[in-house]
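Worksheet: the structure to be examined is printed underneath.
Read-outs throughout are calculated quantities, based only on the coordinates presented, and are distinct from any laboratory measurement. Remember, it's a predicted structure, so these values are computed and weren't measured experimentally. Note: ideal-geometry Cβ built from the backbone for every residue, glycine included; neighbour counts use all protein chains shown.
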Amino acid sequence: NAGVTQTPKFRILKIGQSMTLQCAQDMNHNYMYWYRQDPGMGLKLIYYSVGAGITDKGEVPNGYNVSRSTTEDFPLRLELAAPSQTSVYFCASSYFAGSSNQPQHFGDGTRLSIL
Amino acid sequence: DAKTTQPPSMDCAEGRAANLPCNHSTISGNEYVYWYRQIHSQGPQYIIHGLKNNETNEMASLIITEDRKSSTLILPHATLRDTAVYYCIVRVSGNTGKLIFGQGTTLQVKP
């Protein structure tokens with residue numbers, strides 16, 4: 001049971017570089033989310049998706065892009081890395097149907113440093 | 001969206017019950033209360049959720065007041081492995097499933 005898999009686990013980027021954080025889930029969940037967590041703070045929602053081909057902004061979307069071409073994958077793209085994007089990034093997924101309130105399942109995170 | 005208020009930190013003796021309070025005075029009638037915890041900066045782990053009635057599972061119990069303005073998460077026999085940050089979250093109403101995280105309560109279980 002893999003659940004939510006995030007790659008890479010750690011990455012150091014230089015300012016201005018770009019990269020894609022990968023997230024995959026094998027639970028056939030329709031909803032997927034990206035959060036970031038700065039030191040000592042709670043998680044903040046970056047983007048989310050309610051199904052393949054549908055994405056929407058969360059609380060802190062600036063500097064990021066997402067796509068959802070399949071149910072399983074939800075990559076997060078940083079185009080021009082900035083020091084303010086140094087953070088831990090968590091991907092999550094859940095199943096939602098009508099009034100169903102299934103909990104979100106989280107990956108182990110990607111620790112990203114921008115230098 | 002309903003906001004939650006939690007104490008920043010709490011201590012609990014190992015083997016005793018840990019009672020973590022949460023205020024959510026602006027909660028709407030169809031919004032659920034969720035509890036997650038985060039251990040050592042791992043991904044958050046789901047604990048329990050509820051709407052109106054008290055809930056219990058293998059990890060914890062959730063007590064929601066009748067007016068739904070506050071709730072308490074109860075870990076019946078805390079162990080050292082329960083040391084973590086505990087988040088009380090009111091799920092955003094509507095069909096997005098979004099969760100708004102606050103800063104949570106850091107629970108320190110002491111031997």
**Asked** Restricting region B:80-109 to residues that are in contact with a strand residue (DSSP E or B) (Cβ under 7 Å, 6 or more places away or on another chain) and of a type in the set (K, R), which is farthest from A:Y47 (Cα to Cα)?
**Response** B:R91
**Prompt:** Do you know which residues across region A:71-91 are more than 14 Å from every other protein chain (Cβ to nearest Cβ), part of a loop (DSSP other than H, G, I, E, B) and under 24 Å from B:V92 (Cα atoms)?
**Reply:** A:T71, A:E72, A:P75
**Fill in**
Exactly one of A:G58, A:G42, A:G63 is over 20 Å from B:Y36 (Cβ atoms) and not hydroxyl-bearing (S, T, Y), and that one is A:G63
**Asked** Can you tell me which residues in region B:90-111 are touching a residue at least 24 places away in the same chain (Cβ under 8 Å) and more than 9 Å from chain A (Cβ to nearest Cβ)?
**Response** B:V90, B:V92, B:S93, B:T105, B:T106, B:L107, B:Q108, B:V109, B:K110, B:P111
**Request:** Inspect all residues belonging to region B:45-65 and state whether any of them is within 14 Å of chain A (Cβ to nearest Cβ), surrounded by 15 or more Cβ atoms within 10 Å (Cβ to Cβ), without any contact (Cβ under 8 Å) to a residue 40 or more places away in the chain and more than 14 Å from the chain's Cα centre (by Cα).
**Result:** no
**Prompt:** For region A:54-70, how many residues meet the condition of being under 15 Å from A:Q22 (Cβ atoms) and β-branched (V, I, T)?
**Reply:** 2
**Complete:** Given the conditions (1) surrounded by 14 or more Cβ atoms within 10 Å (Cβ to Cβ); (2) of a type in the set (G, A, S); (3) closer than 21 Å to A:W34 by Cβ, every one holds for B:S70 apart from (3)
**Asked** With (1) within 11 Å of chain B (Cβ to nearest Cβ); (2) surrounded by fewer than 16 Cβ atoms within 10 Å (Cβ to Cβ); (3) within 11 Å of the chain's Cα centre (by Cα) as the list, and A:G40 as the residue in question, which single condition is left unmet?
**Response** (3)
**Asked** Which condition breaks for A:R68 when tested against (1) part of a strand (DSSP E or B); (2) under 27 Å from B:V90 (Cβ atoms); (3) among the basic types (K, R); (4) more than 11 Å from chain B (Cβ to nearest Cβ)?
**Response** (1)
**Prompt:** Among the residues of region A:3-17, is any within 10 Å of chain B (Cβ to nearest Cβ) and free of Cβ contacts under 8 Å to residues at least 60 places away in the same chain?
**Reply:** no
**Asked** Yes or no: A:G63 more than 9 Å from chain B (Cβ to nearest Cβ), touching a residue at least 12 places away in the same chain (Cβ under 8 Å), closer than 15 Å to B:G97 by Cα and surrounded by fewer than 17 Cβ atoms within 10 Å (Cβ to Cβ)?
**Response** no
